[in-house]
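Read-outs: derived from the displayed coordinates by stated rules, not from any lab. Predicted model only: the values in this text are computed from it and were never measured. No Cβ is skipped: glycine too gets one built from the backbone with ideal geometry, and neighbour counts run over all protein chains shown.
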Amino acid sequence: MSILLTTFPAHRSGNVGVALITASTVAMIKERLPGYVPRVLFRETSLDELDIPPGTSIVAPGFSVAEASYSKLYRLYADLDKLDHFYPVGCSLQTDTRAESAAEVRHTDSTQQVLRWMADRFGAFPCRDALIVDALNRHGIPALNCGDLAQYDSRYIGRPISACQAPR
């Protein structure tokens with residue numbers, strides 16, 4: 001069983017960019033695992049309420065790094081130790097104000113502690129841009145830049161920009 005936690009529920013924002021991130025992530029995984037058919041859930045769904053077998057992979061595209069990411073934006077499990085395989089990818093930075101530098105991004109100790117726990121258990125956070133990488137690294141939380149998942153389309157990898165045209 002696989003779960004994909006989307007930040008795009010039709011009943012909320014209706015943000016097309018967020019829908020694209022979800023679709024791109026599924027397409028990217030299906031290229032490597034053709035049988036990948038995740039159960040798609042909104043990120044605020046409590047996983048405690050579901051019958052999820054141990055060992056289930058949980059992918060969170062566009063994972064929002066924000067104050068109280070867990071448990072405000074992502075409810076996950078009440079006991080995070082139940083997370084066996086958690087993959088936050090293309091992480092985005094959510095702040096109350098627009099930060100112009102990593103030095104301006106602040107998170108409470110409790111938020112930093114959860115993010116550090118996740119990185120220790122599942123690896124460095126793959127992030128969509130340098131600002132979030134710098135902000136996390138500044139707090140001693142491992143992160144790397146993987147780019148914006150909304151821009152991923154394997155049909156164009158390795159092709160020069162001038163040769164990229166919409167598929168027919």
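So here's what we get for this one:
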| quantity | calculated |
| --- | --- |
| Top of P126, P53, P61 by mean-square fluctuation, Gaussian network on the chain, Cα under 10 Å | P53 |
| Under Karplus coefficients 6.51, -1.76 and 1.60, residue-wise ³J(HN,Hα) of region 106-121 in Hz, glycine/proline x | 10, 9, 5, 4, 5, 5, 4, 4, 5, 5, 5, 4, 4, 5, 4, 7 |
| GluC sites (Glu not before Pro) within region 55-146, DSSP loop, no more than 16 other Cβ atoms inside 10 Å | E67, E100 |
| Estimated FRET transfer efficiency when R0 is 41 angstrom, pair A130-D51 (beta carbons, to 0.05) | 0.55 |
| Spin-label zone in region 44-62 - amide nitrogen under 12 Å from a point set 7 Å from the Cα of F122 along the C-beta vector | 56-62 |
| Long-range amide H partners of L4 with built H, under 5 Å | R39, V40, L41, V59 |
| Alpha carbon convex hull of the chain, volume per residue in cubic angstrom | 141 |
| For the chain, calculated [θ]222 nm from helices alone, where every DSSP H run of n ≥ 4 adds -39500 (n - 2.57) | -7500 deg cm²/dmol |
| 5 angstrom amide H check on H85, placed H, neighbours 5+ away | I58 |
| Amide H within-cut-off set for S64, under 5 Å, with H built and near neighbours excluded | S92 |
| Rounded to whole Hz, the Karplus (6.51, -1.76, 1.60) HN-Hα couplings of region 45-52, x for glycine and proline | 6, 6, 6, 4, 7, 10, 8, 10 |
| Size of charge dipole - the chain - debye, nearest 20, with Cβ of Lys, Arg +1 and Asp, Glu -1, no other charges | 600 |
| Extension gain (nm, one decimal) between R106 and H139, 0.36 nm per residue minus Cα-Cα | 11.0 nm |
